[in-house]
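K.L.:
Starting off with a structure, shown below.
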Amino acid sequence: MAASSRAQVLRLYRALLRESQRFSSYGYRTYAIRRIKDAFRENKNITDSEKIEELLNKAKANLQVIERQVTIGQMYATEKLVIESPENIQPRKASEPETTLGLLQHPPMPRTETAHTRV
């Protein structure tokens, strides 16, 4: 791969990752970053200049799609997920005996009378 082509690929790779970081939705953001890394890793050994040019054009088109989706996502922003803001999570104190299993248990259901339970 020529040096200028390599520089162009790296520039595009960084631009895709940078733009994907701007997704407001955690799921879209992590998916886009994972797909970009996987696609570039998968195609890193390609030496055919025509194939490289084809992949670069496809990546440029995908960059434009990501830019549009980021803009749309910012118009309709939602609240961040718990996983995105670890500073808001309070550590559990050792004096609190509640376990994870206790948090997963459902509260008791109120008894309702049915035709079968009346005496």
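K.L.:
Under a point spin-label approximation (7 Å from Cα along Cα-to-Cβ), what is the GLU84-SER5 distance to one decimal in nm?
P.N.:
3.9
K.L.:
Excluding ligands and nucleic acids, what accessible area in Å² is computed for ILE83 using a 1.4 Å probe, to the nearest 10?
P.N.:
Approximately 110 Å² for this residue.
K.L.:
Right, here's the next one. Would you list ILE72, ILE52 from the most to the least accessible area, probe 1.4 Å? Write out the running numbers ahead of the final one.
P.N.:
Values: ILE72 80, ILE52 20 Å².
Largest to smallest exposure gives the sequence ILE72, ILE52.
K.L.:
Oh, and also: Shape call for segment 4-82 from the C-alpha gyration tensor, a ≥ b ≥ c root eigenvalues: rounded (a/c under 1.5), prolate (a/b greater than b/c) or oblate?
P.N.:
Working: a/c = 3.06, a/b = 2.21, b/c = 1.38.
Judged from the Cα gyration tensor, segment 4-82 comes out prolate (a/c at least 1.5, a/b above b/c).
The values are calculated or read from the model by the stated rules, or taken from the named source; none is laboratory data. These figures come from a predicted structure and were not determined experimentally. Because the Cβ atoms are built from the backbone with ideal geometry, glycine has one as well, and the counts that use them run over all protein chains shown. For the accessible areas, the whole protein counts, side chains as well, though only heavy atoms, and no ligand, DNA or RNA atoms are used. Shrake-Rupley method; radii C 1.70, N 1.55, O 1.52, S 1.80 Å.
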